[in-house]
1. Pick from GLU243, GLU79, GLU329 the residue whose mean-square fluctuation is largest in a GNM of the chain, springs joining Cα atoms under 10 Å.
2. May I ask for the equivalent-ellipsoid semi-axes of the range 107-195, computed as the square root of five times each C-alpha gyration tensor eigenvalue and listed largest first in whole Å?
3. Loop only by DSSP, 16 or fewer other Cβ within 10 Å of the Cβ. Give me the trypsin sites (Lys or Arg not before Pro) in the range 42-104 that pass, ordered by residue number.
4. Build a GNM of the chain with springs between Cα atoms under 10 Å: which of ALA173, ALA150, ALA389 gets the top mean-square fluctuation?
5. Could you list log10 I(q)/I(0) for the range 139-276 at q = 0.13, 0.18 Å⁻¹, which the Debye formula gives when each Cα is one point scatterer?
6. Roughly to the nearest percent, how much of the accessible area of the range 12-180 is carbon and sulfur, given a 1.4 Å probe?
7. For every other residue with a beta carbon closer than 12 angstrom to the beta carbon of TYR65, add +1 if it is Lys or Arg and -1 if Asp or Glu, then tell me the sum.
8. Before I look further, what does the chain give for accessible area per residue, probe 1.4 Å, in whole square angstrom?
Amino acid sequence: MTLFAATRPPRHIAVGPGQRHAIGTYARAYGNRALICTDERMGQDPALRDLVDSLAAAGVASQVYDRTLPEVPMSSVAECMEIARAFGPDLLVGLGGGSCMDLTKVVAVLLAHGGEPHDYYGEFKVPGRVLPVIAVPTTAGTGSEVTPVAVVADPEKTLKVGIASPELIPLVALCDPELTMTCPPGLTAASGSDAMTHAVEAFMAARREPSSDLSYSHVFLGKNAFSDMYALQAIAKISANLETAVKNGSDMKARENMMWASMLAGLAFGVAGTAAAHALQYPVGALTHTAHGLGVACLLPYVMEYNRPSCVPELVQIADAMGLPRTGEDDDARAIAAIDAVEDLFIRVGIPRTIRDLGLADDQLDWAADQAMGAARLVKNNPRALDVAAMGHILHAAQTGARADLRKLPA
Ligand SMILES: NC(=O)c1ccc[n+]([C@@H]2O[C@H](COP(=O)([O-])OP(=O)(O)OC[C@H]3O[C@@H](n4cnc5c(N)ncnc54)[C@H](O)[C@@H]3O)[C@@H](O)[C@H]2O)c1
Ligand SMILES: [Fe+2]
């Protein structure tokens with residue numbers, strides 16, 4: 001196999017307890033008026049005060065928008081833009097989970113290029129540089145602090161929509177695990193399982209022909225040597241730390257490892273892309289109104305099972321990364337063991353076993369299968385070919401919990 005590796009990290013990434021306090025120094029290098037986009041929860045958190053003080057000490061004036069709603073409805077974008085226009089920032093800070101960071105990225109685009117969010121839906125629609133963004137995640141997490149994507153909920157679209165452009169990659173990511181200590185178990189589980197899904201889907205993504213224009217002609221390039229390295233390290237760390245972080249939220253080591261791993265998973269999927277689990281989550285999320293992380297994680301073991309015939313070597317490496325003991329089994333059995341281990345981990349942290357448990361009705365499966373095919377960039381990134389019938393089979397198994405039924409499909 002020919003070597004191909006591509007990575008697009010932020011200009012600066014700092015990870016570790018206390019790293020948020022570096023914000024003043026970084027901010028000063030890129031501007032002197034910072035709009036901090038966060039939500040009501042983080043707006044009350046002493047961490048926000050720390051950021052404002054650190055910015056002030058560095059001579060950077062700041063203003064706070066603290067009404068971002070989860071999953072980024074258009075109302076949050078409009079409100080934040082109004083505050084931004086009045087304040088005139090030259091720098092944006094996204095403090096919060098994926099929702100706050102994604103809102104910040106959208107506002108960075110709109111302030112630089114005008115127009116409406118829908119002007120930029122899809123890939124490569126952002127025409128050039130956007131305002132500098134410093135991302136400070138408080139969940140571990142979406143990886144949005146390092147990715148080229150922002151996902152929003154537009155009432156004119158049934159499904160959530162994404163803006164995907166390398167211009168959206170934050171300039172600075174300050175990943176401070178102390179900020180995740182207040183995440184309750186359910187949020188820790190959902191966001192940590194989202195990170196695991198990013199790492200697994202990036203590692204199992206399709207591999208493209210490494211033409212010389214590959215690294216700039218797609219936002220999501222498929223599996224490569226960089227994304228593999230990030231993804232395997234993320235899988236190892238999440239598998240060893242997610243349950244502890246959920247069940248003992250004050251375990252700093254587990255929180256550190258989850259923050260590190262979710263950022264690495266972001267680096268992996270931000271270039272490689274995700275695949276069927278994320279494509280299926282668009283309609284499943286729209287129908288059940290459940291958190292993104294719960295949906296993708298619930299779907300992932302079924303997607304892994306469907307993809308298994310195309311990915312046995314990758315699944316064997318996932319089993320190794322998860323530290324599963326070798327029992328002399330053959331590769332096919334070890335591939336199944338990797339899927340079992342991911343499913344077991346998710347069940348131990350409280351991810352629903354079926355999409356029926358998420359609230360999907362049996363008569364919604366056909367519509368969901370059809371809609372999932374609309375996420376073309378994710379569908380083409382899946383390692384095994386997908387069509388509506390295949391999406392239907394995966395959804396049916398995920399609805400009934402009959403994962404083994406997917407083994408009966410002709411390869
Ligand atoms: N841009 C990307 O690359 C990317 C990747 C995956 C998901 N996403 C998007 O991210 C969003 C989900 O983000 P999320 O899972 O981080 O959750 P979130 O940002 O939607 O936040 C969920 C809730 O958790 C609270 N919260 C956040 N941090 C907390 C903390 N430290 N302590 C206590 N409460 C806290 C928030 O206030 C909010 O009420 C979705 O919209 C999803 O589509 C984006
Ligand atoms: Fe995700």
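1. Residue with maximal mean-square fluctuation among GLU243, GLU79, GLU329: GLU329.
2. Values: eigenvalues 133, 57, 19 Å².
Output for the range 107-195: semi-axes of 26, 17, 10 Å.
3. Numbers: sites: ARG49, ARG67, ARG85; in loops: ARG67.
When the trypsin sites (Lys or Arg not before Pro) of the range 42-104 are filtered for loop state and at most 16 Cβ neighbours within 10 Å, ARG67 remain.
4. Comparing ALA173, ALA150, ALA389 in the GNM, the peak value goes to ALA389.
5. For the requested q values the scattering log ratios are -0.55, -0.97.
6. Details: 3050 of 6180 Å².
Heavy-atom surface of the range 12-180 belonging to carbon and sulfur, 1.4 Å probe: 49 percent.
7. Details: positive: ARG67, ARG85; negative: ASP39, GLU40, ASP66, GLU79, GLU82.
Local charge sum for TYR65: -3.
8. Working: 15490 Å² over 411 residues.
Accessible surface, normalised per residue, equals 38 Å².
The values are calculated or read from the model by the stated rules, or taken from the named source; none is laboratory data. Just so it is clear, the model here is predicted, and its values are computed rather than measured. Note that we place each Cβ from the backbone using ideal geometry, even for glycine, and neighbour counts take in every protein chain shown. The area values use the complete protein model at the heavy-atom level, side chains included, leaving out ligands, DNA and RNA. Shrake-Rupley method; radii C 1.70, N 1.55, O 1.52, S 1.80 Å.
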